[in-house]
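Peer 1: Before I ask anything, let me first share the structure, which is written out below as structure tokens.
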Amino acid sequence: MRPEILSLIFRNISSIVGIGPKLENLFFKLLNDRKIVNLLWHLPYNNIKREISKKINEDIIGKNIVIKIKVIKHIPSIYKKQPYKIICSFDKIEIYLIFFNARHPYLKEKLPINSYKYVSGKIEFFRNNYQITHPEYIVNDDQLNSIDRISPIYSLTAGLTNKVFTKTMKNIIKNLPELNEWLSKKTLQKYKFLSWKESLLKLHSPKNELDLINFNNFRKRIAYDELLAHQLAILIIRNMNRKKRGIKFKTSSVDIDKFINELPFELTKSQLTAIAEISKNLSNNFQMVRLLQGDVGSGKTIISIISMIIAFKSNYQSAIMVPTEILANQHFETIKSFLKNFKINIDILTSKDRGKKRHDKINNIANGNTKIIVGTHSLIQEDVKFYKLGLIIIDEQHRFGVHQRLAFTHKGLKPNILVMTATPIPRTLTLAIYGDMDESRITEKPKGRIPIITTSLLRNKINNLINAINAKIEKNEKIYWVCPLIEESNDIDAKAAVDRFNSLKKLYKNKVLLLHGQMKSDEKDEIMNKFKYKNYNILVSTTVIEVGIDIPSATTLIIENSEKFGLAQLHQLRGRIGRSNIESNCILLYKNSIGEIAKRRINIMKKIDDGFEIAEQDLKIRGPGEILGKKQSGIASFKVSDLHFDQDILQDVRKDSIKIIEEDPDFKSDRGKKLKTLLYLFERDIAIKTLISG
């Protein structure tokens, strides 16, 4: 049970005074969670400095200032879209305070004529007048100290203002609990760490640029805590997996060899090695928890199918969980196709299944009639009971957390787990992210695949693509046109794609489709099916096509503003093409002036097509000032830690966690009890449950 001392920060955001349903939904949109604790991990990226000004001149235009004004005249708005203006005097110069959608009585009361007030905001020069639009502060003489001279700036979502977010954070920070220190004195001294609470206070009150960069000591402290919680959790679970017996399968090389020999293609050497490693795991008494890493299009799915055959021959069920319904349908069709000569009942379970249809599917899973189940998160819902589950395959692991991966182990049985990812991770980081797993790697592409030709093109030369697109359409080949996530907002994300869709539709009429994250699941599926099976040649999309979609006739990928993407995601997107024996092209569009790191990324994409090598390069070139949003980083995410910046502490975290587990495996010592609080703080509750069950 979570310690009482953490209860305040694990309450719903709506429990904070002033947060109603509308604001709660905006915070949820930003954080994808309603717990207060997740606001703590949302760190500022910049700060505002407010200087008291005695004079107005050109030097202060565009700056945030604090000035003392005298209110001269109110000019109320007459129409809805007209601003409410208040003429004031400062330094013998007229200055306008501008308010949109203003409440007239409030402003007349707040700023009475002939009164003196301190106001703060950005000073602008518009139509020969100085003005401040929506001042952040309006206070009396005796309240001057209430104006923050330095305030943090946070990345937000549309509708949520920095003022509201900062005010909310102040309410949270002042009530932060005092937690007993869980780090050793040696670690605190080595890194000169402040306490957990002091570090968070500093992070949310940045005084200068050094407080904002990823290498600052306050963020490093929280990153150490998070990585330690993560490492402890996976070591606890790994220890449990090694202690308890799993499900032993009867592996027969005859069945597997027959299936492999009848395949219409030849498996690569690393595919055969991976199959051997998995077969060996499945034939012993201990639960298999294995990571299968393979580049996009390297042939991981066929290995998962062979694993399912082994489970079926041992009279066990298999479940494969994927992050999207589009991918679930694709896997379902692929598995049925490969296993058509086996008498295996295969079914699919997603959020679309409701009523009697869902009830019947769940019954068939529960009574054992269904042997292979493909699904999304629906597979780990409470009402889904398996008859004899022996193997779980989790595809695109970077989309799932450790909780989802291990949820199956708490449904009675300890089935074997195969986790697959097409986001190759540098060897130096694999242990940090997946320390609870054994690892197999597929390092070759299937035989007969033609390398993708990757080129770059200035965005203002986009019309040069028209002839090439026309040639592709004449051959009935298909084209992905990807628009980037411009800001952390789905609204803006969709707008970029909609604009491009409209411009291409003028040229190609009924040959163009649009796909973006704001569409409902059914709508996305319908669009993808139209693109795959019908007479459409261009799909304008956001990055929702990033994961696993397989359309062999798609031979061209155009990525707009490619400088905005990380290497890992560019490579993931490129994996949507080159899935046949037809030559494929990836075109990276970029704007005129881009940074050196963006140039290096584009050049690496043009020279290298190996995902593992790209992952290593990505690790080398990302610098402290080059923070890509979590949605575009393409690597397993943490709340605060970033494995690109925190490699220097990884080794110590690893040593510390191993020492803790060796000396106090049940967490019964004084430090062990404090570390349980750390595990709860970073929501590694599954590790605590494992300890208790254990």
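The values are calculated or read from the model by the stated rules, or taken from the named source; none is laboratory data. None of these values were measured; they are calculated from a predicted model. Quick reminder, even Gly has a Cβ in these numbers, built from the backbone with ideal geometry, and neighbours come from all protein chains shown.
Peer 1: For segment 438-475, what are the residues that are in contact with a Leu (Cβ under 8 Å, 6 or more places away or on another chain) and free of Cβ contacts under 8 Å to residues at least 40 places away in the same chain?
Peer 2: Once the filter is applied, which keeps residues that are in contact with a Leu (Cβ under 8 Å, 6 or more places away or on another chain) and free of Cβ contacts under 8 Å to residues at least 40 places away in the same chain, segment 438-475 yields only 464.
Peer 1: Please name all residue pairs, on different chains or six or more residues apart, with Cβ atoms under 6 Å, provided the first residue is in segment 240-260 and is closer than 25 Å to residue 686 by Cα and the second residue is assigned to a helix (DSSP H, G or I).
Peer 2: 240/690
Peer 1: Let me ask something else about it. Looking at segment 574-591, which of the residues that are closer than 10 Å to residue 556 by Cβ and polar (S, T, N, Q) is surrounded by the most Cβ atoms within 10 Å (Cβ to Cβ)?
Peer 2: 584
Peer 1: I'd like the full set of residues that are in a helix (DSSP H, G or I) and surrounded by 23 or more Cβ atoms within 10 Å (Cβ to Cβ), limited to segment 366-379. Before the answer, list the steps.
Peer 2: Initial filter on segment 366-379 (in a helix (DSSP H, G or I)): 366, 377-379.
The one that is in a helix (DSSP H, G or I) and surrounded by 23 or more Cβ atoms within 10 Å (Cβ to Cβ): 379.
Peer 1: Tell me, which residue of segment 349-363 that is in contact (Cβ under 8 Å) with a residue 24 or more places away in the chain and in contact with a Lys or Arg (Cβ under 8 Å, 6 or more places away or on another chain) is surrounded by the most Cβ atoms within 10 Å (Cβ to Cβ)? Step through it out loud before you land on a result.
Peer 2: From segment 349-363, those in contact (Cβ under 8 Å) with a residue 24 or more places away in the chain are 349-353; that's our starting set.
After this cut, where a residue has to be in contact with a Lys or Arg (Cβ under 8 Å, 6 or more places away or on another chain) as well, the list is 349, 353.
Numbers: 349: 25, 353: 17.
Only one residue fits best here, namely 349.
Peer 1: Taking the stated definitions as given, is residue 333 assigned to a helix (DSSP H, G or I), under 28 Å from the mean Cα position of the chain (by Cα) and without any contact (Cβ under 8 Å) to a residue 24 or more places away in the chain? So that I can check it myself, show each step before the final result.
Peer 2: Details: assigned to a helix (DSSP H, G or I): yes; under 28 Å from the mean Cα position of the chain (by Cα): yes; without any contact (Cβ under 8 Å) to a residue 24 or more places away in the chain: yes.
Answer is yes for this residue.
Peer 1: When residues of segment 179-212 are filtered for being loosely packed, with under 14 Cβ neighbours inside 10 Å and at pLDDT below 90, how many remain?
Peer 2: 4
Peer 1: Does residue 225 satisfy the condition of being acidic (Asp, Glu), closer than 30 Å to residue 15 by Cβ and under 23 Å from the mean Cα position of the chain (by Cα)?
Peer 2: Numbers: acidic (Asp, Glu): yes; closer than 30 Å to residue 15 by Cβ: yes; under 23 Å from the mean Cα position of the chain (by Cα): yes.
So residue 225 passes the test.
Peer 1: For the condition closer than 22 Å to residue 31 by Cα, among the aliphatic types (A, V, I, L, M) and touching a Lys or Arg at 6+ places or on another chain (Cβ under 9 Å), what is the one hit in 222, 236, 172, 247? Break it down stepwise before answering.
Peer 2: Details: 236 fails: closer than 22 Å to residue 31 by Cα; 172 fails: touching a Lys or Arg at 6+ places or on another chain (Cβ under 9 Å); 247 fails: closer than 22 Å to residue 31 by Cα.
Selected residue: 222, the only one of 222, 236, 172, 247 that is closer than 22 Å to residue 31 by Cα, among the aliphatic types (A, V, I, L, M) and touching a Lys or Arg at 6+ places or on another chain (Cβ under 9 Å).
Peer 1: How many residues are part of a helix (DSSP H, G or I) and closer than 11 Å to residue 557 by Cα when one looks only at segment 460-485?
Peer 2: Total meeting the criteria: 1.
Peer 1: Just need a number here: residues in segment 531-573 that are surrounded by fewer than 21 Cβ atoms within 10 Å (Cβ to Cβ), part of a helix (DSSP H, G or I) and in contact with a Ser or Thr (Cβ under 9 Å, 6 or more places away or on another chain).
Peer 2: The number of residues fulfilling the criteria is 2.
Peer 1: Can you give me the number of residues within segment 11-35 that are part of a loop (DSSP other than H, G, I, E, B), touching a Phe, Trp or Tyr at 6+ places or on another chain (Cβ under 9 Å) and crowded, with 16+ Cβ neighbours inside 10 Å? Walk me through how you get there before you give the answer.
Peer 2: Residues of segment 11-35 that are part of a loop (DSSP other than H, G, I, E, B), as a first pass: 11, 16-20, 32-34.
Of the ones still in play, those that are also touching a Phe, Trp or Tyr at 6+ places or on another chain (Cβ under 9 Å) are 19, 33-34.
With crowded, with 16+ Cβ neighbours inside 10 Å added as a condition, the list becomes 19.
Residues meeting the conditions: 1.
Peer 1: Next question. Give me the pairs: first residue in segment 638-661 and touching a residue at least 60 places away in the same chain (Cβ under 8 Å) and aromatic (Phe, Trp, Tyr), second residue in a loop (DSSP other than H, G, I, E, B) and surrounded by fewer than 17 Cβ atoms within 10 Å (Cβ to Cβ), beta-carbon distance under 8 Å, and six or more apart or on different chains, which are they?
Peer 2: These pairs meet every condition: 645/215; 645/624.
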